[in-house]
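The values are calculated or read from the model by the stated rules, or taken from the named source; none is laboratory data. None of the values given here were measured: they were computed from a predicted structure. Ideal geometry is used to build each Cβ from the backbone, glycine not excepted, and the neighbour counts take in all protein chains shown.
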């Protein structure tokens, strides 16, 4: 039973447009959500996060939205740049277990 | 400040051979983790260590053992490698929420 799902394996957008990456979760005990970015042959790097007590967190071009009732979060990148082309992983943190559960990732391609 | 380092970067093993993947972090984090990533899949947790002296199984622990040698180092051992263990292995550490990952070890078992 996959507790964190990213239903779109890939997304292609034009440079300058908005990229929207989606993530769904099933476990209501998750209390913190994170997005990581991964380039080929490198380890994932932390991008942005959101606590379950908030519904939005913004950092420059990146905004994460959380809809707790729908158990859904999304990452918005505006404007998208070619350097944003990477795999994006959604992760959910269980407070007591102290470990994160990752989605399968979405490969974003930003075309010049 | 090197962050999280992993050795080796690449390794080819024959079925039945053993090896240890090394991981070290210099950020004074309490928690450390080992993941594997297979093509088209996310990161699956193998083992983790919430603090020095403790280790716990993750989602896919079979065929692996770990040692939290001290606060800095967390090693992953394959006692008898199998082709199903061909994967990219990532080590990570965590202070509060976000994890910091190493560059990965690409392991092939033939």
Residue in the stretch B:79-100 that is under 25 Å from residue A:30 (Cβ atoms), touching a strand residue (DSSP E or B) at 6+ places or on another chain (Cβ under 6 Å) and not in a strand (DSSP E or B) present: yes
Matching residues, the stretch A:93-112, being in a strand (DSSP E or B), within 11 Å of chain B (Cβ to nearest Cβ) and more than 12 Å from residue A:11 (Cβ to Cβ): A:93, A:99, A:100, A:101, A:102
The stretch B:89-110 - residue that is under 14 Å from the mean Cα position of the chain (by Cα), more than 9 Å from chain A (Cβ to nearest Cβ) and under 25 Å from residue A:33 (Cβ atoms) and, of those, surrounded by the fewest Cβ atoms within 10 Å (Cβ to Cβ): B:89
Residue match in the stretch B:29-45 (condition: away from chain A (no Cβ under 14 Å), modelled with pLDDT under 95, over 19 Å from residue A:35 (Cα atoms) and not in a strand (DSSP E or B)): no
Of the criteria (1) under 16 Å from residue B:4 (Cβ atoms); (2) crowded, with 16+ Cβ neighbours inside 10 Å; (3) more than 14 Å from chain A (Cβ to nearest Cβ), which one residue B:70 fails: (2)
Test for residue B:78: is it in contact with a helix residue (DSSP H, G or I) (Cβ under 9 Å, 6 or more places away or on another chain) and crowded, with 17+ Cβ neighbours inside 10 Å: yes
Odd one out for residue B:61 among (1) facing chain A (nearest Cβ under 10 Å); (2) in contact (Cβ under 8 Å) with a residue 12 or more places away in the chain; (3) assigned to a loop (DSSP other than H, G, I, E, B): (1)
Matching residues in the stretch A:2-36 - criterion: being over 19 Å from residue A:67 (Cβ atoms) and away from chain B (no Cβ under 11 Å): A:11, A:12, A:13, A:14, A:15, A:16, A:17
Selection count where residues are part of a loop (DSSP other than H, G, I, E, B), more than 13 Å from every other protein chain (Cβ to nearest Cβ), within 21 Å of residue B:110 (Cβ to Cβ) and out of contact with any helix residue (DSSP H, G or I) (no Cβ under 8 Å at 6 or more places or on another chain), scope the stretch B:1-18: 5
Residue satisfying all of: in the stretch A:37-51; within 10 Å of chain B (Cβ to nearest Cβ) and in a loop (DSSP other than H, G, I, E, B); nearest to residue B:102 (Cα to Cα) among these: A:43
Subset of the stretch A:72-92 [away from every other protein chain (no Cβ under 14 Å) and either surrounded by fewer than 16 Cβ atoms within 10 Å (Cβ to Cβ) or assigned to a strand (DSSP E or B) (or both)]: A:72, A:73, A:74, A:75, A:76, A:77, A:78, A:79, A:81, A:82, A:83
